[in-house]
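Working notes, structure below.
The values are calculated or read from the model by the stated rules, or taken from the named source; none is laboratory data. Just so you know, these numbers come straight off a predicted model, no measurement behind them. Glycine gets a Cβ as well: all are built from the backbone with ideal geometry, and neighbour counts include every protein chain shown. Keep in mind that these areas ignore ligands, DNA and RNA; they rest on the heavy atoms of the full protein, side chains included. Shrake-Rupley method; radii C 1.70, N 1.55, O 1.52, S 1.80 Å.
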Amino acid sequence: MASTPCPFSFPFPDHPGLEPAAQYAELRQYAELRQYAEPEQSAGLERSAGLERSAESGQSAELRQSAEPGRSAGQGRTPLVPVELPGGVPALLAHRHADACAVLTDPGFSREAATELRMTSRSKESLALNVVDPPVHTRRRQLVAHAFTARQAGLARPATERLAGELIGAMVRKGPPAELVADFALPLTMGVIGGILGVPAPEQRRLHPWVEAMMSTTAYSPEEIAAAHKGVHGYFAGLLDAATDGLPGELAEHVRQGTLGRDEAVHLVSGLFIAGYETTGNQLGMCVLALLRHPLLLKRLRSDPAVTPQAVEELLRYTSLNAAGGVPHVALEDRPVGGMVVRAGQVVVPVTDGANRDPDVFDEPDLLDIDRPHNPHLSFGRGRHMCLGAGLARMELQVALDMLVAELPGLVLAVPEDTLGWREGMYARGLLELPVRW
């Protein structure tokens with residue numbers, strides 16, 4: 001299935017703001033206008049399905065059914081949009097909710113087979129859970145999953161509340177303006193995962209520049225990225241060697257028993273640390289900015305904290321964290337997706353931010369609506385690679401927003417929004433800074 005020109009590049013370029021890039025809206029519009037697949041695309045599908053090409057229209061009956069308005073298979077939109085990944089690799093974007101779910105949950109699609117596409121600067125080894133397939137993924141995840149259950153997240157709530165209170169107290173004592181990313185969002189999320197993994201606060205701050213380099217796509221040089229990998233690996237190797245309790249102690253025991261390789265354990269624990277704060281910290285900054293854009297919503301959270309959990313779910317859907325678009329998957333065999341057949345070896349990228357704006361699933365998808373009755377967003381993924389720390393991240397976001405709106409009742413931006421700096425060339429989107437006053 002060949003790639004054909006699209007009116008936008010992929011991955012979508014960095015952009016300021018909370019909402020998915022304008023390219024997501026263009027993607028929807030482009031797909032809606034596509035009444036049939038290009039001839040070179042559909043030819044392979046027709047051969048595999050035994051369909052005859054219509055001489056008049058140049059499209060197959062199957063593709064026509066999946067693309068025409070009112071038909072059940074395609075809901076009037078092209079299921080998979082062809083693009084070209086960096087390096088010239090052709091791929092298909094699964095931008096609809098159902099199709100993204102299909103790719104994410106189908107064992108016939110492999111993340112591991114797509115690791116050479118390098119959509120991030122992280123080494124394949126450092127992505128110990130994110131890009132491996134079963135049975136290796138299953139074995140590794142089972143070793144650490146018990147530390148990230150909903151029950152464990154609940155047990156971590158009191159400590160999270162104490163840390164949030166301390167950070168807010170320090171900002172109040174210093175006086176406004178405060179820089180909410182550096183003074184609150186990152187130290188809070190870093191402190192929570194650091195506590196779980198036994199990483200002291202001073203060491204957390206020392207690791208942060210290395211983590212930044214590892215999470216880049218283009219922002220850092222190869223030499224800086226290599227040094228970052230070496231520094232993070234060295235730190236967590238030492239942590240595991242000295243660990244006697246907690247999750248690191250358990251992993252160290254598995255190494256001693258020969259059920260887990262030492263480097264494997266190091267990459268597991270370092271990956272948990274990176275994922276445990278880098279994503280949630282940047283997400284928190286964007287959530288706060290979204291609330292500052294909507295003063296009435298901020299007022300409602302202050303007067304009725306019971307709505308915070310549903311507000312967090314809507315903010316997760318509404319904001320756009322993944323700057324690389326999605327994690328590439330390779331079809332291991334011919335697989336059906338969205339009424340089409342994806343051929344073995346084809347690369348497919350489930351675009352979760354696009355799926356989170358699917359009008360077939362979310363009414364008025366571009367509206368921030370915390371009363372949304374049905375919100376099956378894909379911000380934590382789906383299937384076997386669904387975010388291990390989803391429960392912990394939800395708890396941290398809920399605690400952070402509850403305490404900020406309660407303790408800082410006059411919270412507003414301290415600078416014009418158009419002066420805010422945004423991360424560029426990074427895998428996760430986020431604010432460079434968020435100056436606020438109260």
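Computed quantities for the displayed model
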quantity	calculated
Rounded if a/c under 1.5, otherwise prolate or oblate - the chain, Cα gyration tensor axes	oblate
Most positive-pole-ward Cα, His385, Val307, Pro359, against dipole of the stretch 287-427 from beta carbon charges	His385
Point-charge dipole on Cβ atoms (K/R +1, D/E -1) for the chain, about Cα centre, debye to 20	740 debye
Most fluctuating residue given options Gln283, Gln310, Gln29, as computed from a GNM of the chain linking Cα atoms under 10 Å	Gln29
Mean Cα-pair separation over length for the chain, i.e. relative contact order, pairs under 8 Å, 6 or more apart, %	25 percent
Listed residue (Gly249, Leu85, Val192) projecting farthest to the positive dipole end of the chain, Cβ model	Gly249
The stretch 76-140 - percent relative contact order, Cα under 8 Å, separation 6 or more	21 percent
Total charge dipole magnitude, the stretch 197-271, about the Cα centre, Cβ charges on Lys, Arg, Asp, Glu only, Debye to nearest 20	100 debye
Highest to lowest packing among 82-90, 344-352, scored as the average C-beta count within 10 Å	344-352, 82-90
The stretch 275-398: relative contact order as a whole-number percent, Cα under 8 Å and 6+ apart	27 percent
Mean accessible surface per residue for the chain, computed with a 1.4 Å probe while every protein chain stays in place, in Å²	41 Å²
Residue with peak Gaussian network fluctuation, the chain [Cα springs, cutoff 10 Å], from Val342, Val81, Val172	Val172
Ranked order, Met403, Met340 - accessible area, probe 1.4 Å, largest first	Met403, Met340
Largest-first ordering by accessible area, 1.4 Å probe, given options His229, His374	His374, His229
Net +/- balance of residues flanking Val307 in space, Cβ distance below 13 Å, scoring K and R +1, D and E -1	-2
Of all accessible heavy-atom area on the chain, the percent that carbon and sulfur account for (1.4 Å)	55 percent
Check: the stretch 152-204 dipole with +1 on Lys, Arg Cβ and -1 on Asp, Glu Cβ, in debye	140 debye
Partners for Lys230 among lysines (Cα-Cα distance below 23 Å; same-chain residues under 8 apart left out)	Lys124
